[in-house]
């Protein structure tokens, strides 16, 4: 396994942080780990299970980014596109283009970075 470029390693680290965060929240929502007052009932357990599944997906994506698997490039691109869609909703909800642009900044940089020819070649995607 070759070492990934620094930017890909940083994206992998961010995915790992998101995965660990979702793991902690998922364990709390399912009732396995209670930090503060516990909340159970009204479908909270189902949300906890879904959050645990999301945590596994993010941790797998982190490993795939570090291993430069082609599906990790696609997954990261989709997440960045969803981030741009979220930025539009933030701009509408807050009635502030500044907040919308601030939310869109990281997805835009991520998409720009992933679309570079040298990064696409690292993932084995034809440029």
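The values are calculated or read from the model by the stated rules, or taken from the named source; none is laboratory data. Just so we're clear, the structure is a prediction, and the values are computed from it rather than from any experiment. With ideal geometry, Cβ positions are generated from the backbone for all residues, glycine too; neighbour counts draw on all protein chains shown.
Please determine, by comparing only the residues of the range 1-13 that are without any contact (Cβ under 8 Å) to a residue 12 or more places away in the chain and either part of a helix (DSSP H, G or I) or touching a strand residue (DSSP E or B) at 6+ places or on another chain (Cβ under 8 Å) (or both), which one is farthest from residue 49 (Cα to Cα).
Of everything passing the filter in the range 1-13, 6 is farthest from residue 49 (Cα to Cα).
Any idea which of (1) surrounded by fewer than 18 Cβ atoms within 10 Å (Cβ to Cβ); (2) farther than 21 Å from residue 126 by Cα; (3) modelled with pLDDT of 95 or more is the one residue 109 doesn't satisfy?
Status for residue 109: all satisfied but (2).
Out of the range 64-76, which residues are surrounded by fewer than 16 Cβ atoms within 10 Å (Cβ to Cβ) and under 14 Å from residue 7 (Cα atoms)?
Hit for the range 64-76 is 67, nothing else.
Which of the helices (runs of 4 or more DSSP H) contained wholly in the range 41-127 include at least 2 residues that are closer than 30 Å to residue 31 by Cα and not assigned by TED's automatic domain parsing to the domain that holds residue 29? Working first, answer last.
Numbers: elements: 44-66, 70-94, 97-114, 117-122.
Filter on the range 41-127 gives 70-94.
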